[in-house]
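Every number in this text was worked out from the coordinates using simple rules, so none of it is lab data. Being a predicted model, the structure only gives us computed values, none of them experimental. In this analysis, Cβ positions are derived from the backbone assuming ideal geometry, glycine residues included, and neighbour counts consider all displayed protein chains.
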Amino acid sequence: MAHLTARTGYHKLVQRLNKAPQGAPPSKLLFEILKLLMSEKEASLVALVPLRPFTVPTAARAWKMSLGDARKALDELASRALLIDIEGRKNRYYVLPPPMAGFFEFSMMRLRGDIDQGLLAKLYYQYITVEEDFIKTLFTQGETQLGRVFVNESVLTNENALHVLDYERASEVIRTASHRGIGLCYCRHKMGHAGHACDAPLDICMTFNTTAASLIRHGYARAVDVAEGLARLDEARGGGLVQFGENIRNRVSFICNCCGCCCEAMIAQRRFGLLHPVHTTNFLPVVEPGSCTGCGECVAACPVEAMTLVSANDPRFPKKKRGRVDEEMCLGCAVCVGVCRTRSLTLQSRPERVITPLNSAHKAVLMSIERGKLQNLIFDNQALASHRAMAAVLGVILKLPPVKQAMASRQMRSRYLETLIARFRL
């Protein structure tokens, strides 16, 4: 097929995207998406940028153009949220975000007249929801996933609350962020164009820190203060939405307020639940059989169909039902607990605590190891041109558990890396 074999700018960009931990499998639909988002020349430029944050001089060298022309091109790409620009203490840095959660979403986070968002939404729907290659690549490869669920804090008992760390609270992410932005929900905006939207709030997608600063600067999100951020969180919880955010502890970049019908993460959980495409909270709901009336409110509320009704096994009332939790499917979001009118659902801690990567670098290394892409981080010459960058990546590797260090070592076939790991253990 010509669109997969021709060495076009779009082909080169797809190759570049697939070096990152998440990837984006080639497809005619993907090429049509990229053509809507950028020109072929722009795709050729983006295909040459590093995987890690870079500066104008780095881009100018890769693109073989002047500093002025490189800055102009970078700022144009950032203005359309194809790159994220970060204001550092001394320099402005640029980052190529992944498709998800990244430039796919950003393209639908505001109403735009410069691209056909209706056509784009239908292409996204076909590529992500109908075809399965992208969603499987995104959500079902490796143990470390893109995102995690935040528990509904409003239903926690005092005892439950003692076991919830600050980074596990969506409210704490909002309070401590350097920047907070609100934009249109990509999933529901997309589903609206595709004819499948629900009536959940649209203006409720949350971004934080440097990602929010860039999106606010270019009009893809509006700045909000802590009070409005918390109010939007309460609104989402009141509407039975699940908080699904970046799977890191420090400086979370996004929290989506997800419904089961539109959200790709929730859809993936229903499709591939046994593969655990979404990291859960540290809780599971427990049904109290004696007080459960079998009303079915929890079943209707659960976004991933983890709640069902089964026979109550009551000989006096043979038709009586009660709720049952599928622990393999359950996200631990506690949406069901919030709607239970008889208070027959309570939360208990999972047997093993869910482990969350420290930051985006830690997550990238873990995902790269598990997906066989660690070499792309180590030997990405544009991104890792300095010893400092090399040391940062290796430093994360050396903090991994021994089993994952061994995985990294096997992939790299590097005596140097093996020696570093061996010395570190001593």
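Some observations on this one:
- Residue-averaged 222 nm ellipticity for the chain, from DSSP H runs of 4+ at -39500 (n - 2.57), nearest 500: -11500 deg cm²/dmol
- Low-density loop positions, trypsin sites (Lys or Arg not before Pro), segment 22-70 - DSSP coil, at most 12 other Cβ in 10 Å: 64
- Max mean-square fluctuation residue, GNM over the chain, Cα-Cα springs under 10 Å, options 85, 234, 69: 69
- When the Gaussian network model of the chain links Cα atoms closer than 10 Å, the mean-square fluctuations of 229, 240, 296 top out at 296.
- Most fluctuating residue given options 402, 303, 50, as computed from a GNM of the chain linking Cα atoms under 10 Å: 402
- Taking amide hydrogens as placed 1.01 Å from N in the peptide plane, the amide H of residue 350 sits under 5 Å from those of 283, 284, each at least 5 positions away in sequence or on another chain.
- Ignoring lysines fewer than eight residues from residue 64 along the same chain, the ones with Cα atoms less than 28 angstrom from its Cα are 12, 19, 35, 41, 72, 90, 373.
- Normalised contact order of segment 170-270, rounded percent, pairs of Cα under 8 Å and 6 or more residues apart: 33 percent
- Protection proxy ranking, highest mean first, for peptides 159-165, 116-122: 116-122, 159-165, where packing is the per-residue count of other beta-carbon atoms within 10 Å, averaged.
- Backbone HN-Hα couplings from phi across segment 315-325 [Karplus 6.51/-1.76/1.60, Hz, Gly and Pro as x]: x, 6, 10, x, 8, 5, 10, 9, x, 9, 9
- In terms of the mean number of neighbouring beta-carbon atoms within 10 Å, the peptides 312-319, 195-202, 208-215 order highest first as 208-215, 195-202, 312-319.
- 3J(HN,Hα) along segment 84-97: 9, 9, 10, 8, x, 5, 10, 9, 8, 10, 10, 9, 7, x Hz, from the Karplus curve 6.51 cos²θ - 1.76 cosθ + 1.60 with θ = phi - 60°, whole Hz, x for Gly and Pro.
- Measuring nothing but how far apart in sequence close Cα pairs (under 8 Å, 6+ apart) lie, relative to its length, segment 155-223 scores a relative contact order of 36 percent.
- Here the chain carries DSSP beta bridges of which approximately 95% are antiparallel, counting only pairs with both residues inside.
- Across the chain, the relative contact order, built from alpha-carbon pairs under 8 Å that are at least six residues apart, equals 15 percent.
- Charged side chains reduced to their Cβ positions (Lys and Arg at +1, Asp and Glu at -1) give the chain a dipole of some 1200 debye around its Cα centre.
- A protection proxy built from the mean count of other Cβ atoms within 10 Å ranks the segments 217-227, 96-106, most packed first, as 96-106, 217-227.
- Separation of alpha-carbon centers, segment 7-85 and segment 211-229, rounded to whole Å: 24 Å
- Summed residue charge, Cβ within 15 Å of residue 73's Cβ, Lys/Arg positive, Asp/Glu negative: +1
- Placed amide H near residue 179: partners under 5 Å, 5+ positions off or other chain: 209
- When the Cα positions of 138, 157, 207 are compared along the charge dipole of segment 137-275, 138 comes out farthest toward the positive end, with charges on each C-beta of Lys, Arg, Asp and Glu.
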